[in-house]
Amino acid sequence: MRHFRRVLATALPLLFIIAITGDLFAGPMMMRHGKGPGVHPHSMGFGGKGICPQPRVTAQAPDDIYRLKNPLKPTQKNLDSGKSLFRRDVQPTACKVCHGRTGNGMGMMAPGLNPSPRNFTCGETMKEIPDGQMFWVIKNGSQGTGMPAYPELTENQVWLLVLHLRKLSQ
Ligand code: HEC
């Protein structure tokens, strides 16, 4: 019994010290992840320009859809609607979660995805992607990648999104 007490007397302070140093290490680590430079406070994603140009092996839309032009005009009202769909309104997963609030392809989930989410701010990559191609990928997703299909969006909503994405590289 006496032996047991001695073990306890040595072990308890040791555990205490381990717990405290653990906290000391966890503090700066959390600050680095949560508030460090490069992290957008509102988007829970990452700032910066993103990868540009971006390697792209996405399947191509059927010809008739590939050639479609956006029927909507880039009025301020339409652009605002597109932006709010992108950042908030589209459910279950808003586009910004992967593509980033600013569209730089570096949203909160981006580090876990290969291929990476498209960087819509990269003119060099975006000039290769016509309106109809974007429309098709948003509706159907990109097979074998993290890009989900959004079959429940109306055609009008998809074109509002395309309008917003196009604007980001101009
Ligand atoms: C869960 C993560 C995720 C979400 C949410 C997401 N995307 Fe993507 N997106 C991706 C990835 C990954 C790619 C790259 C796919 C590829 O390389 O084929 C991509 C690619 C794209 C492309 C490029 C298509 C092309 O031909 O290059 C468009 C356009 C796009 N997404 C639009 C959207 C829109 C609009 C939304 C919201 C309605 C959205 N994405 C939501 C992950 C996501």
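Restricting to region 147-170, name every residue that is farther than 22 Å from residue 124 by Cα and within 8 Å of the ligand (Cβ to nearest atom).
Result: 148, 150, 153, 158.
Just wondering, is there one or more residues in region 115-123 that are within 13 Å of residue 50 (Cβ to Cβ), in contact with a helix residue (DSSP H, G or I) (Cβ under 9 Å, 6 or more places away or on another chain) and among the aromatic types (Phe, Trp, Tyr)?
Checking region 115-123: at least one residue is within 13 Å of residue 50 (Cβ to Cβ), in contact with a helix residue (DSSP H, G or I) (Cβ under 9 Å, 6 or more places away or on another chain) and among the aromatic types (Phe, Trp, Tyr).
Among residues belonging to region 67-85 that are more than 10 Å from the ligand (Cβ to nearest atom) and part of a helix (DSSP H, G or I), point out the one that is farthest from residue 122 (Cα to Cα).
To start, the set of residues in region 67-85 that are more than 10 Å from the ligand (Cβ to nearest atom) comprises 67-81, 83-84.
Among the residues that remain, those that are also part of a helix (DSSP H, G or I) are: 76-81, 83-84.
Numbers: 76: 22, 77: 24, 78: 22, 79: 19, 80: 21, 81: 22, 83: 17, 84: 21 Å.
Here the residue is 77.
Being more than 7 Å from the ligand (Cβ to nearest atom), over 9 Å from the mean Cα position of the chain (by Cα) and of a type in the set (A, V, I, L, M, F, W, C) is the filter here; which residues of region 86-134 pass it?
Across region 86-134, the qualifying residues are 120, 122, 126.
Only the coordinates and a few stated rules stand behind these numbers; no lab work does. Since we're looking at a predicted model, the values are computed, not measured. Positions of Cβ are backbone-derived with ideal geometry, glycine not excepted, and every protein chain shown enters the neighbour counts.
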